[in-house]
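Take a look at the structure set out below.
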Amino acid sequence: MDIKLITTPDAAPSAWNQVAVMGKLGDLSDTQYRTLLALSAMLELLVDKGILTREELEQKSAQLEACDSEPLRALSALLDPME
């Protein structure tokens, strides 16, 4: 007689599944860091070359934040990461 384990959708994930999820989260954090670093470098270069001013970046960031555009909120954090 074969016994099959039946799991319900409410069953807790296995330890290996939890490890895999944590690994993916770690990769995502690293990817986000690298993306923000590249974006920050590009903004600094644009300002250094006189293509944009910090004031223009701050104004645009404030405008986007006022629109409650969640993905673009990172722009204001890039302008002053110490806030």
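The values are calculated or read from the model by the stated rules, or taken from the named source; none is laboratory data. Everything numeric in this text was worked out from a predicted model, so none of it was measured. Glycine gets a Cβ as well: all are built from the backbone with ideal geometry, and neighbour counts include every protein chain shown.
Residue under question is residue 20, and the condition is that it be modelled with pLDDT under 85 and exposed (fewer than 10 other Cβ atoms within 10 Å of the Cβ); does it hold? When the stated conditions are applied, residue 20 does not pass them.
When segment 11-62 is filtered for residues that are assigned to a helix (DSSP H, G or I) and of a type in the set (Ser, Thr, Tyr), the ones remaining, listed by number, are 29, 31, 33, 35, 40, 61.
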